[in-house]
Amino acid sequence: MVFVHKYVLAHWTIDPLFILLTGIPVALYIVGYLRLERTIARGSKRPGKIRKTRAFLFASGIAVLIIAVMSPIDFWSSEYLWVHMLQHVMLMVYAPPLIVLSAPWLVIYRGMPVSWRRKLGRTFLVSEKTSPLRAIGNFFMRPVVGFILFNFSMYFWHFPALLDLSERNSAVHYFSHFMFVASGMLLWIHLVDSPPIKPRITPEIKRIVPIFFTTVASWILAMILGFVSKPFYSVYQYIPGKTLSAMADQELASSILWVLCMEPFTYAAIANIKKWMSKEDDYDYQLSLLANDDRLSVKPKRRIPGIN
């Protein structure tokens with residue numbers, strides 16, 4: 001019970017900034033989901049299983065964010081680098097794909113008042129005044145931009161001086177977490193389907209390229225952390241009462257990055273390959289039907305005047 005109290009029950013915190021940033025979309029999602037339920041109760045034929053699965057995925061993604069930021073993980077991340085790495089992995093490669101897979105965009109939009117929805121649509125989708133904002137949005141939605149930002153954030157915030165700074169400065173700490181989540185969303189939006197956002201990497205087999213290189217990039221960073229002769233991060237070297245040496249702590253952190261960062265990308269690769277193969281099967285079947293169509297294989301007779 002002492003272990004459970006110390007490492008599970010104790011040290012939960014309330015983060016006002018996190019609650020503000022996540023509370024607004026969560027509240028809109030709940031309202032939109034309830035409105036959707038009422039619409040379905042009036043006779044809509046939308047499949048309920050998909051709707052409930054996406055709601056579960058969205059709740060799971062938000063839960064991962066809460067655990068990463070407000071649970072004892074955040075407290076112990078100041079004493080152990082491996083816990084800090086676990087927190088980063090949760091923010092980069094676990095919460096973003098769950099939220100993206102849940103496709104919450106239209107549900108959140110539906111949670112707004114009707115007047116807000118109309119004004120938002122006119123302002124950001126039609127108005128010429130907001131064309132620069134649309135251009136910026138289109139730029140950040142490019143697959144190569146998401147790929148670069150994700151890998152840049154992963155290396156940038158694990159540079160020794162910057163990670164040490166994020167531990168000493170709360171504003172920098174908040175900003176690093178924001179970059180992890182934002183860059184994760186910008187990458188994962190291209191690795192999994194999230195309707196109604198149109199996929200920009202098609203067919204699905206092409207998604208293996210960013211998945212592969214991002215996984216390799218995480219392995220390289222893990223090897224750098226694990227195979228060096230001395231620890232990188234000064235903030236984790238002299239902590240009173242810490243039973244784990246700084247070098248062992250860093251080696252454990254590299255293992256966390258190596259293994260846990262690889263798993264979601266592996267699942268995404270398998271899912272995309274299976275989806276591409278299923279579509280290829282359907283395409284081959286359609287081609288076979290087309291090739292065996294008698295109407296296409298028989299050429300029309302040419303009429304010759306005076307004979308036919």
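Readers should treat all values here as calculations from the given coordinates under stated rules, not as data from a laboratory. Everything numeric here is computed off the predicted structure, so don't read it as measured data. No Cβ is skipped: glycine too gets one built from the backbone with ideal geometry, and neighbour counts run over all protein chains shown.
Quick notes
- TYR267-TRP116 FRET efficiency (beta carbon distance; Förster radius 30 Å; 0.05 resolution): 0.25
- Gyration tensor verdict on the chain (Cα atoms; rounded if a/c is under 1.5, prolate if a/b is larger than b/c, oblate otherwise): prolate
- Within the shell defined by Cβ-Cβ distances under 15 Å, the residues around ASN138 carry a net charge of +4, with Lys and Arg each +1 and Asp and Glu each -1.
- Distance in nm between pseudo-label sites at ASN138 and ARG35 (7 Å out along the Cβ direction from Cα): 2.8 nm
- Mean residue ellipticity (222 nm) of the chain, computed from DSSP H runs ≥ 4 via -39,500 (n - 2.57), nearest 500: -22000 deg cm²/dmol
- The chain: most fluctuating residue of ILE99, ILE189, ILE50 per GNM, C-alpha cutoff 10 Å: ILE50
- Comparing mean-square fluctuations of TYR109, TYR267, TYR94 from a GNM of the chain with C-alpha springs under 10 Å, the top value falls on TYR267.
- On the basis of the beta-carbon distance and an R0 of 25 Å, LYS52 and ASP193 show a calculated FRET efficiency of 0.90.
- Per-residue HN-Hα couplings for the stretch 59-64 [Karplus 6.51, -1.76, 1.60; θ = phi - 60°; Hz; x = Gly/Pro]: 4, 5, x, 5, 4, 4
- When peptides 24-30, 250-256 are ranked by their average number of other Cβ atoms within 10 Å per residue, the highest-first order is 250-256, 24-30.
- Within the listed set LYS206, LYS279, LYS129, the residue fluctuating most in the Gaussian network model of the chain (springs between alpha-carbon atoms under 10 angstrom) is LYS129.
- Remark: for residue pairs LYS129/LYS206; LYS129/LYS275; LYS52/LYS275, the C-alpha separation exceeds 30 Å in LYS129/LYS206; LYS129/LYS275.
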